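Peer 1: First the structure, then my questions, so here it is.
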Amino acid sequence: IQADGTDGNCVTFVLHDEDHTLGNSLRYMVMKNPDVEFCGYCITHPSESKINFRIQTRGALPAVEPFRKGLNDLMGVCQHVLNTFEVRHSRGAQ
């Protein structure tokens, strides 16, 4: 991950080897934070496997904070889905 931006509350993170799968779900998680004023992403070019992920926060909150929280929240959701699937799958296999 690279972070570009001179202002700490408005940063563009460059996520290598990622696409819409992470970009859209991470954008959703970050936008749930009321301190985030703007969050969006774009794929630079179809032949490149990277996305530019931009976050702008209100006030003095550094953009890296909602970025980290969004990643952690997304990992928690994914873990919950995986656990639920494994429990249901193990019951059906019996």
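The values are calculated or read from the model by the stated rules, or taken from the named source; none is laboratory data. Every value quoted in this text rests on a predicted model; they were computed, and no experiment measured them. When we count neighbours, we look across all protein chains shown, and the Cβ atoms used for this are built from the backbone with ideal geometry, even at glycine. The protein model used for the area step is the full one, side chains on, heavy atoms only, and it has no ligands, DNA or RNA in it. Shrake-Rupley method; radii C 1.70, N 1.55, O 1.52, S 1.80 Å.
Peer 1: Report, by chain and number, residues whose modeled amide H sits under 5 Å from the one on Asp19, excluding near sequence neighbours (fewer than 5 apart, same chain).
Peer 2: Counting only residues 5 or more places away or on other chains, the set is empty.
Peer 1: Another question, then. Put Val87, Val36 in order of accessible area, largest first, 1.4 Å probe: what do you get? Write out the running numbers ahead of the final one.
Peer 2: Details: Val87 65, Val36 5 Å².
If we order Val87, Val36 from most to least accessible, we get Val87, Val36.
Peer 1: Could you pull the Cα extents of the chain along its three principal axes, largest to smallest, in whole Å?
Peer 2: Largest to smallest, the principal-axis extents are 57, 34, 16 Å.
Peer 1: Something else about it: Using the alpha-carbon atoms, what tilt in degrees (0 to 90, nearest 10) does helix 64-92 show relative to the longest principal axis of the chain?
Peer 2: That works out to roughly 10 degrees.
Peer 1: In the chain, what percentage of the DSSP-assigned beta bridges are antiparallel, given to the nearest 5?
Peer 2: Details: 17 of 17 bridges.
Around 100 percent antiparallel, to the nearest 5.
Peer 1: What whole-number value in Å² describes the accessible area per residue of the stretch 10-93 for a 1.4 Å probe? Please list the in-between numbers first.
Peer 2: On the way: 5360 Å² over 84 residues.
Per-residue value: 64 Å².
Peer 1: Right, something else. Asp17 accessible area, nearest 10 Å², 1.4 Å probe?
Peer 2: 120
Peer 1: OK, next. Please go through the stretch 1-76 and write out the trypsin sites (Lys or Arg not before Pro) that DSSP classes as loop and that have at most 16 other C-beta atoms within 10 Å.
Peer 2: Values: sites: Arg27, Lys32, Lys50, Arg54, Arg58, Arg68, Lys69; in loops: Lys32, Arg58.
Sparse-neighbourhood loop trypsin sites (Lys or Arg not before Pro): Lys32, Arg58.
Peer 1: Using modelled backbone amide H atoms (1.01 Å from N, in-plane), which distant-in-sequence or interchain residues come within less than 5 Å of Glu37's amide H?
Peer 2: The list, which skips near neighbours in sequence, is Gln56, Thr57, Arg58.
Peer 1: Helix 20-31 sits at what angle to the longest principal axis of the chain, using alpha carbons and giving 0 to 90 degrees rounded to 10?
Peer 2: 70
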